[in-house]
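K.L.:
Structure in structure tokens, see below.
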Amino acid sequence: MPELPEVETTRRGLAPYAEQQVIERVTVRQPKLRWPIPDNLSSLIEGQCIGALFRRAKYLLMPVAEGHLLWHLGMSGSLRLVSPETPLRKHDHVELLLSNGYALRYHDPRRFGALLWLQGDPMADKRIASLGPEPLGAELTGAYLYQQSRGRKTAVKNFIMDNAVVVGVGNIYATEALFIAGIDPRRAAGRISLSRYEALTGAIQQVLAQAIEVGGTTLRDFVGSDGAAGYFAQQLRVYGRAGEACRECQTTLKNIRLGQRASVFCPHCQH
């Protein structure tokens, strides 16, 4: 499932080729995604120039003169720039033909992603307005997480995966960050000290920055805008390694379930 690093990788890959280009033609082959694509999308955006792409959480926003296109990659989506002559794949649902000759194609086998049209302030949209701070911004600090966690009995892993607390810390990156910080994912969020939240904040930022640097984590479906896979999977310390030896202490990594998600941790290094 594409998470924040994968969406940021997509944004960075698209920006040099999509920004300041005119949308010459829109083709919607399958409008039934997570939310229906507007019937009049073509008339809304054809002939408009694309501004600077930006990301909020796992949403990619594409400004044009009259509003914003909001993309969400869902469970299996990807945005790729190709030649218009490139043969269509079965699940290429949307295509934007750009004035520089590239075609931007949205591919989504499971159709859990989205393409929506927003007018006015996109940050006021109900999908975005309630989101917590960005994990790589100045708003995320150990003190912030400490304050937000007071009185909470939920497991710390579920706490940092809550988008109302902080965005973009998905299962893979929460698992890895908690290992780096030495925190047992089962511990109650409200019983973790300020100093440990400061360490966890640093670990979250370290893991996400590393993942972005190498293009995200390709486990099943994600590819970047150029079709290349992300390589952070090669750097995973604990995620997906249950039953293997911890690289730090050689203790067997343990697999548990938290909030109906698999979670791997080291019983010796994490407490």
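The values are calculated or read from the model by the stated rules, or taken from the named source; none is laboratory data. From a predicted model like this one, the values you see are computed outputs, not experimental measurements. So basically every Cβ, Gly included, is an ideal-geometry build from the backbone, and we count neighbours across all protein chains shown.
K.L.:
Output the number of the condition that residue 121 fails; it satisfies all remaining conditions of (1) modelled with pLDDT of 95 or more; (2) farther than 26 Å from residue 205 by Cβ; (3) buried (at least 18 other Cβ atoms within 10 Å of the Cβ); (4) not hydroxyl-bearing (Ser, Thr, Tyr).
P.N.:
Checking residue 121 against (1) modelled with pLDDT of 95 or more; (2) farther than 26 Å from residue 205 by Cβ; (3) buried (at least 18 other Cβ atoms within 10 Å of the Cβ); (4) not hydroxyl-bearing (Ser, Thr, Tyr), the one that fails is (3).
K.L.:
Consider segment 111-133. How many of its residues are in contact (Cβ under 8 Å) with a residue 40 or more places away in the chain and of a type outside the set (Val, Ile, Thr)? Before the answer, list the steps.
P.N.:
Filtering segment 111-133 for residues in contact (Cβ under 8 Å) with a residue 40 or more places away in the chain gives 111-120, 122-123, 125, 127-128, 131.
Okay, now just the ones that are also of a type outside the set (Val, Ile, Thr), so 111-120, 122-123, 125, 127, 131.
Qualifying residue count for the region: 15.
K.L.:
Quick test of your reading of the structure: residue 40 fulfils all but one of (1) of a type outside the set (Asp, Glu); (2) surrounded by fewer than 20 Cβ atoms within 10 Å (Cβ to Cβ); (3) touching a residue at least 12 places away in the same chain (Cβ under 8 Å). Name the failing condition by number.
P.N.:
Single failed check for residue 40: (3).
K.L.:
Another question about this same structure. Checking residue 165 against (1) touching a residue at least 40 places away in the same chain (Cβ under 8 Å); (2) touching a helix residue (DSSP H, G or I) at 6+ places or on another chain (Cβ under 6 Å); (3) outside the structural domain of residue 41 (by TED's automatic domain parsing), which test does it fail?
P.N.:
Residue 165 satisfies every listed condition except (1).
K.L.:
Say we look at segment 58-87 and pick out the residues that are of a type in the set (A, V, I, L, M, F, W, C) and modelled with pLDDT of 95 or more; which of these is farthest from residue 116 (Cα to Cα)? First the steps, then the outcome.
P.N.:
Quick first cut of segment 58-87, residues of a type in the set (A, V, I, L, M, F, W, C) only: 60-62, 64-65, 69-71, 73, 75, 79, 81-82.
Keeping just the survivors that are modelled with pLDDT of 95 or more gives 60-62, 64, 69-71.
On the way: 60: 11, 61: 10, 62: 10, 64: 13, 69: 6, 70: 5, 71: 7 Å.
Going through the qualifying residues, I end up with 64.
K.L.:
Another question, then. Only one of these conditions is not met by residue 81: (1) assigned to a loop (DSSP other than H, G, I, E, B); (2) in contact with a Ser or Thr (Cβ under 9 Å, 6 or more places away or on another chain); (3) in contact (Cβ under 8 Å) with a residue 60 or more places away in the chain. Which number is it?
P.N.:
Unmet for residue 81, out of (1) assigned to a loop (DSSP other than H, G, I, E, B); (2) in contact with a Ser or Thr (Cβ under 9 Å, 6 or more places away or on another chain); (3) in contact (Cβ under 8 Å) with a residue 60 or more places away in the chain: (1).
K.L.:
Now a separate question. In this structure, is residue 139 more than 17 Å from the chain's Cα centre (by Cα), among the acidic types (Asp, Glu) and under 27 Å from residue 5 (Cβ atoms)?
P.N.:
Working: more than 17 Å from the chain's Cα centre (by Cα): yes; among the acidic types (Asp, Glu): yes; under 27 Å from residue 5 (Cβ atoms): yes.
Taking the combined requirement at face value, the residue satisfies it.
K.L.:
Could you check segment 173-182 and list, in sequence order, the residues that are surrounded by fewer than 24 Cβ atoms within 10 Å (Cβ to Cβ) and within 15 Å of residue 205 (Cβ to Cβ)? Walk me through how you get there before you give the answer.
P.N.:
Of all residues in segment 173-182, those surrounded by fewer than 24 Cβ atoms within 10 Å (Cβ to Cβ) come to 180-182.
Of everything in segment 173-182, those that are surrounded by fewer than 24 Cβ atoms within 10 Å (Cβ to Cβ) and within 15 Å of residue 205 (Cβ to Cβ) turn out to be 180, 181.
K.L.:
Still on this model: Which ones in segment 185-210 are crowded, with 20+ Cβ neighbours inside 10 Å and not in a helix (DSSP H, G or I)?
P.N.:
Result: 185, 192.
K.L.:
Among the listed residues 136, 118, 98, which satisfies the condition of being in contact with a helix residue (DSSP H, G or I) (Cβ under 8 Å, 6 or more places away or on another chain) and in the same structural domain as residue 54 (by TED's automatic domain parsing)? Working first, answer last.
P.N.:
Values: 136 fails: in the same structural domain as residue 54 (by TED's automatic domain parsing); 118 fails: in contact with a helix residue (DSSP H, G or I) (Cβ under 8 Å, 6 or more places away or on another chain).
After applying the criteria, what remains is 98.
K.L.:
Next question. What is the one condition in (1) surrounded by fewer than 16 Cβ atoms within 10 Å (Cβ to Cβ); (2) at negative phi that residue 26 does not satisfy?
P.N.:
(1)
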